[in-house]
1. Would you grab the residues whose amide H sits under 5 Å from the one on residue 17? Only those 5+ places off in sequence or on another chain, please, with H modelled 1.01 Å from N.
2. Which Cα, out of 79, 132, 118, lies furthest along the positive dipole direction of the range 16-160 (beta carbon charges, K/R +1, D/E -1)?
3. Which ³J(HN,Hα) values in Hz, rounded to whole numbers, follow from the phi angles of the range 104-113 under the Karplus curve 6.51 cos²θ - 1.76 cosθ + 1.60, where θ = phi - 60° and Gly and Pro get x?
4. Scan the range 187-230 for trypsin sites (Lys or Arg not before Pro) in coil per DSSP, keeping those whose Cβ has at most 16 other Cβ atoms within 10 Å, and list them by number.
5. Give, to the nearest whole percent, the P(r) tail of the range 1-140 beyond 23 angstrom, counting all Cα pairs.
6. Would you please calculate the Kirkwood hydrodynamic radius of the chain over all C-alpha pairs and express it in Å, rounded to one decimal?
7. Through the Karplus equation 6.51 cos²θ - 1.76 cosθ + 1.60, θ set to phi - 60°, convert the phi angles of the range 70-78 into ³J(HN,Hα) values in whole Hz; use x for Gly and Pro.
8. State whether the range 237-277 is rounded, prolate or oblate according to the following rule on the C-alpha gyration tensor (a ≥ b ≥ c being the square roots of its eigenvalues): a/c under 1.5 gives rounded; otherwise a/b larger than b/c gives prolate, and the remaining case gives oblate.
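The values are calculated or read from the model by the stated rules, or taken from the named source; none is laboratory data. Just so you know, these numbers come straight off a predicted model, no measurement behind them. With ideal geometry, Cβ positions are generated from the backbone for all residues, glycine too; neighbour counts draw on all protein chains shown. To get the accessible areas, we keep the full protein, side chains included, count just its heavy atoms, and leave off ligands, DNA and RNA. Shrake-Rupley method; radii C 1.70, N 1.55, O 1.52, S 1.80 Å.
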Amino acid sequence: MWLDRLNTGLNRLHIGGGRVELLHWAYDEHLVDNRPHRHTYFEVCLVGRHGSGVFNEPSGSHLLEPGSLFVARPGVVHNIANTSYPLMELYWVAFGWSSDEKPPKSDGERAMRSFAESDLCSARDQTGLLMLWEALKVGASGTWTVGSVDQTTALLKAIVLAVAQALSPGERVEIPEDFTRPGRIASTQAVRYIEDNLNRQLSLEEIASHVNVSTRQLTRLFSTFTGTSPAQYVRVTRLDRASALLTRTELPIKEISHQVGFNDVQYFTRCFTEHFGVSPGAYRHGARSGQIIQRPGMLL
């Protein structure tokens, strides 16, 4: 899964004379309410395309809706609660920041210092942060090569700097133009369309039509930005969604197979076993007993 790759292989960024220690990347399509808690690090969250709620911390309650960006600062007790259905889609990252006492070496380092010293807790996403986060998901889901690692590292840095800009009044940092070019936008939109329609059959023609490109162009874009074909991406995404449903719900395996677009539960079981190395039932049991199950052959 894309989060496994991010959390295993990429854990430090250098920005000017400072260092960002990346502790944890996470995503939840439907986040449940959590209890008041605190961290020793920064935890930055972005509400995705659905849901609403409140972020509670000592200075007050901050209303959340799609596009809301908020941060739990080190040592601050906080919690998140939903106020509507469906539950919030949430992206978040936990990190630490450190730098020497010398003057900042770059605008990025200046923005990070300003972010770390600010009391600002929430803001609206006005820098295209959601698009960057979705592009990260696309890139980290594809074939893992030296080139894709370099590109993913650049995306991680762009996200951290966009966060610093949004949560540091007056700071402005240029986001690399590569991350907003039309090809990446089209591939990100295609991935979103796939994930929104996993419960049914999807053709290459339908996906291409949705993002206004030809089937040939869509195939080329997927090869560039995910390192795989649209068909393979759909298949892997179906199985990754199934793995989440197996660990988070009590749904029967047959129902899960239908929810992720497999009409034949036996075919679903065969594909799942080939992908993860264990059957759906064994995967569910292993996840609930605390065993870590990782896809064989996945390069990290």
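1. Amide H neighbours of residue 17: 105, 106.
2. Ranked along the dipole, the leading option is 118.
3. Each residue of the range 104-113 in turn: x, 8, 7, 4, x, 5, 4, 5, 5, 5 Hz.
4. In loop regions of the range 187-230 (DSSP not H, G, I, E or B), the sparsely surrounded trypsin sites (Lys or Arg not before Pro) are 200.
5. Beyond 23 Å sits 36 percent of the P(r) for the range 1-140.
6. 20.4 Å
7. After applying 6.51 cos²θ - 1.76 cosθ + 1.60, I find 8, 9, 9, 7, x, x, 8, 6, 7 Hz.
8. Oblate shape, in that a/c is at least 1.5 and b/c is the bigger or equal ratio.
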